[in-house]
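Notes to accompany the following structure.
Every number here is computed from the coordinates shown, using simple stated rules; none is lab data. Remember, it's a predicted structure, so these values are computed and weren't measured experimentally. Please note: Cβ atoms are built from the backbone with ideal geometry, for glycine as well, and neighbour counts cover all protein chains shown.
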Amino acid sequence: MTDAAMTRESLAQALTRVGQGDRSAFETVYRATSAKLMGVALRILHDRALAEDVVQETYVAVWNRAGSFDPGRASPITWLVTIARNRAIDRLRSAPMRVRTTPVEDAIDLADDAMPADARVEAADDARRLNVCLDELETRTRGAIRTAFFEGVTYEEVAERTSAPLGTVKSWIRRGLIKLRECLER
Amino acid sequence: MSATPLPEDDIILAGELALRVLSPDDERAARVREAAEPAFAREVERWNEDLARLADEIPGVAPSAAVWPAVTMRLFGGRGAPTAANDNGKLAFWRAWAVGATGLLAASMVGLVVLASQPQPLPPVTAPPVVEPSITRVATLQLESGETMLTLAYDPATGRLYVAPAGEADAEGRVPHLWLMAPDGGVRLVGAVGGEAHTMELDAGLRPMAGQATAIAISMEAPGVTPPADAPLGPVVGSAEFSEL
């Protein structure tokens, strides 16, 4: 019974039971997903202690909000990742100075982002489809969207990082989002 | 999900909100719309679903063992929780240990395969039928050197045995096997100890034994050898009381 082997379906069932107050299911969900959510929080915060705080807050929120999880509309893992990422970003923006003191890790992350699409591990069909659609975008648009997602930064910071005017960055990402939506609907 | 498609600007705004690129003021305004307009909220949800796929490429990182107990403490606390009647410091410690240490574990720990136990009657609880870790039996096995080799805790309410081996792999390649020892002196094989700490759901076959065992033991078996269920073949390197909390 490895945690990683939990299927989407069994995870969705467990999360549904969490929504009904089942603590055993809650523990199951935690064990199956906490490493992933920690990875997401750490990616945004670059600080283990902050990331662990966020993971803790995330599961408190999961317990309280699991009743609203709808397996027909969201996959359990994206539902959980979204909560964790949003919490991490809230934390990032409430303590910007502390988090900005990690230039080395930032540099590593930028290098990661430069990785070609074919070198990325693409686990699920949905992820593959998203990456196919992202790859249809212009390089700088794709880069801006990826930076925003992985670093949790606003338009303004994407503009700073890419040394491009704010208005230009906005139009890259907006056009990119529309193309992405069109592609995902095909 | 029907209905009129959203205007393109709203689809974009929902995507910007999901991506979190908006300035604080713009984000607040968009959150208001999200709260007030179900169609817009659904679009945000849809973007979350699409964009969160990017996280597939983020490698997992185990949080420390302290996180899960912190979550349960925050949510269920000690005082005022449904099981407060049968709670105490020792029990809380083991509950936290079981979930934390074996759920996450350090790379140096060893895991294992375990079996069963008869759920014991739970202490009287005047609470809703919610299942939570309710460790009733624990053991810490030390080698003759005094070094801890393995720690385990058993929760009859869920049938889970939490096992955290702490030792290095055996130099001769032998495989540690865990045994339960009954009050009458009989022993029963639980299984081989593998590479990492983890939790096992005990299967029905072993349950009567796990609820009653008074001690555990570890034998070292030659690679590829599975001893009979009632007697180790290799040397027993340690045993420990399987004490009730």
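Just a few scattered comments:
- Taking a point 7 Å from the Cα of A:Arg93 along the Cα-to-Cβ direction, the residues of the stretch A:153-180 with backbone N closer than 16 Å to it are A:153-159.
- Rounded to the nearest 0.05, the FRET efficiency derived from the C-beta distance between A:Glu185 and A:Gln20 at R0 = 45 Å is 0.85.
- The label point for A:Ile178 and the one for B:Ala182, both projected 7 Å from the Cα toward the Cβ, are 7.5 nm apart.
- B:Met209, B:Met73 arranged by Cβ crowding within 10 Å, fewest neighbours leading: B:Met73, B:Met209
- The length gained by stretching the chain between A:Asp70 and A:Glu136 to full extension, at 0.36 nm per residue less their Cα-Cα distance, is 20.7 nm.
- Relative contact order of the stretch B:8-57: 44 percent, from C-alpha pairs under 8 Å at least 6 residues apart in sequence.
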